[in-house]
Amino acid sequence: MNYETRAVGNEEILGLPGERGPQGRRWGLIIGIVVAVAVVVLAASWMFGGKKTETPKAVEQLPLVSVVVPGRSTVARTITATGSLAARREMPVGVAGEGGMITRVLVEPGQWVAKGQVLALVDRSVQTQTAASLEAQINVARSDAAIAQSELDRSKQLVERGFVSKADIERRTATRDAALARVRVAQATLGEARARNNRLDIRAPLAGLVLTRSVEPGQVVSSGSGVLFRLAEGGQMELRAQVSEADLRGLHVGSRAQVTPVGGGESFSGEVWQVSPVIDPQTRQGIARVALSYNPALRPGGFATAAIVAGSTDVPQLPNAAIQSDDKGNYVYVVGPDDKVVRRSVKVGEVSDRGVAIAEGLNGTEKVVQSAGAFLNAGQKVKPTLVKADADIKR
């Protein structure tokens, strides 16, 4: 600012350009006061105005979280077990007769056979000749019986004329009866020989699926040769699942099961048809036998897992995102009446597409943080937003 110096009497007065001396001093004093007041007002506005806006900002910064009230729903109790696949009714087939040399094998593993179907042929050349000899003996016996009958008939005609005594009639009758008996004996002997010949062939006792074959043409077999074929009656299969002692108590005949062979993604439906009445004292496990319909993917001796439905229970269900875990175990965050989160330890039950069943820790009426639990701390105040339990679980 430019000031001019002017002389008033014997004094020089400092003033604004174009202003008189005393008035310039007044203007300078006024300007200084205005500036000082403005600085004080700005400082007070900054100090007190900032404190007034802190509270709204703090409210706006509360984390917004979605909460769900799970309620209670019926959840199937599922037992997971492992075991081996096998034929439900396995039929070992061996030599039923006297045996001999195998001439032909007519089936291969994987083929279906009917009841009584021939599986392998045994050489019967000697037995055939024996049967022919017995058949000839029957013819001889019949001839003898025919002659005895003719003599008896003639004697009956002569007895009336007195040429033959009654004693001769009785003797010829006995001779005739003995001849007929020899015919029946020869017929029975031939039938036995034919039955033995039929037993030479190895046949299927019932209809089913051929699992194994342990015989080849040219092999000599007998009643001590052991098992030559193994069949699955009707092709029915089963899983012999190893189940713990505690889980075995909840199983019953008719329980539904889903069986998945190892190495395959396809599951097969079945049901428990037998529950072991004993527990292995070494493993503390029992066997649950799950009946399965035939399928080429179910191979006896293979390994499989089973999910067996062993009843149901009424428990809360939560989405997977609501469950947190650390070194202390599984837990969830529950929003209290004061909108502060509280850590609640829980025990997880069955896990399904609908969500996670909570076996212990919740009664279903709590407001549980749906997600973002990993970013919260116990005791932290939040702004909850309620969402529907059903929609949340489906996620």
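Among the residues of region 177-223, the ones that are modelled with pLDDT of 85 or more and of a type in the set (Lys, Arg) come to 4 in all. Here is a check on your reading of the model: is Gly226 modelled with pLDDT of 80 or more and on the phi > 0 side of the Ramachandran plot? Spelling it out, Gly226 is indeed modelled with pLDDT of 80 or more and on the phi > 0 side of the Ramachandran plot. When region 273-294 is filtered for residues that are of a type outside the set (Gly, Ala, Ser) and either in a strand (DSSP E or B) or surrounded by 12 or more Cβ atoms within 10 Å (Cβ to Cβ) (or both), the ones remaining, listed by number, are Trp273, Gln274, Val275, Ile279, Asp280, Gln285, Ile287, Arg289, Val290, Leu292, Tyr294.
When Gly250, Gly218, Gly254 are screened for being part of a loop (DSSP other than H, G, I, E, B), open to solvent by less than 60 Å² (accessible area, probe 1.4 Å), more than 28 Å from Thr78 (Cβ to Cβ) and of a type outside the set (Lys, Arg), only Gly218 passes. Arg104 - would you say it is surrounded by fewer than 20 Cβ atoms within 10 Å (Cβ to Cβ) and under 21 Å from the mean Cα position of the chain (by Cα)? Criteria not met by Arg104.
Conditions (1) more than 30 Å from Asp247 (Cα to Cα); (2) charged (D, E, K, R); (3) surrounded by fewer than 18 Cβ atoms within 10 Å (Cβ to Cβ); (4) touching a Leu at 6+ places or on another chain (Cβ under 7 Å), marked per residue:
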site	(1), (2), (3), (4)
Gln61	yes, no, yes, no
Thr74	no, no, yes, no
Ala87	no, no, no, yes
Glu108	yes, yes, yes, no
Ala114	yes, no, yes, no
Ser125	yes, no, yes, no
Thr130	yes, no, yes, no
Glu151	yes, yes, yes, no
Ser155	yes, no, no, no
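The residues on offer are Val93, Val140, and the sole one that is within 18 Å of Phe229 (Cβ to Cβ) and open to solvent by less than 90 Å² (accessible area, probe 1.4 Å) is Val93. In the set (1) farther than 30 Å from Gly110 by Cβ; (2) of a type in the set (A, V, I, L, M); (3) out of contact with any helix residue (DSSP H, G or I) (no Cβ under 9 Å at 6 or more places or on another chain); (4) surrounded by 15 or more Cβ atoms within 10 Å (Cβ to Cβ), the condition left unmet by Ala207 is number (1).
One line per residue, one yes/no per condition, for (1) surrounded by 14 or more Cβ atoms within 10 Å (Cβ to Cβ); (2) assigned to a strand (DSSP E or B):
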| position | (1), (2) |
| --- | --- |
| Glu271 | yes, yes |
| Asp314 | no, yes |
| Ser325 | no, yes |
| Val332 | yes, yes |
| Val341 | yes, yes |
| Glu350 | yes, yes |
| Val356 | yes, yes |
| Thr365 | no, no |
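Given the options Ala304, Ala321, Ala297, name the one that is in a strand (DSSP E or B), in contact (Cβ under 8 Å) with a residue 24 or more places away in the chain and under 30 Å from the mean Cα position of the chain (by Cα). On inspection, the qualifying residue turns out to be Ala304. Among strands (runs of 3 or more DSSP E) entirely within region 88-156, having at least 1 residues that are among the acidic types (Asp, Glu) singles out 90-93.
Looking at this structure, is Thr189 of a type in the set (Ser, Thr, Tyr) and more than 60 Å from the chain's Cα centre (by Cα)? Criteria not met by Thr189.
Looking at region 160-198, which of its residues are open to solvent by 70 Å² or more (accessible area, probe 1.4 Å), part of a helix (DSSP H, G or I) and farther than 21 Å from Ile138 by Cβ? Of everything in region 160-198, those that are open to solvent by 70 Å² or more (accessible area, probe 1.4 Å), part of a helix (DSSP H, G or I) and farther than 21 Å from Ile138 by Cβ turn out to be Lys166, Glu170, Arg171, Arg172.
The values are calculated or read from the model by the stated rules, or taken from the named source; none is laboratory data. These numbers come from a predicted model, not from an experiment. We place every Cβ from the backbone using ideal geometry, glycine too, and count neighbours over all the protein chains shown. Ligands, DNA and RNA are stripped out before the accessible areas are found, and what is left, the full protein with its side chains, is counted by its heavy atoms. Shrake-Rupley method; radii C 1.70, N 1.55, O 1.52, S 1.80 Å.
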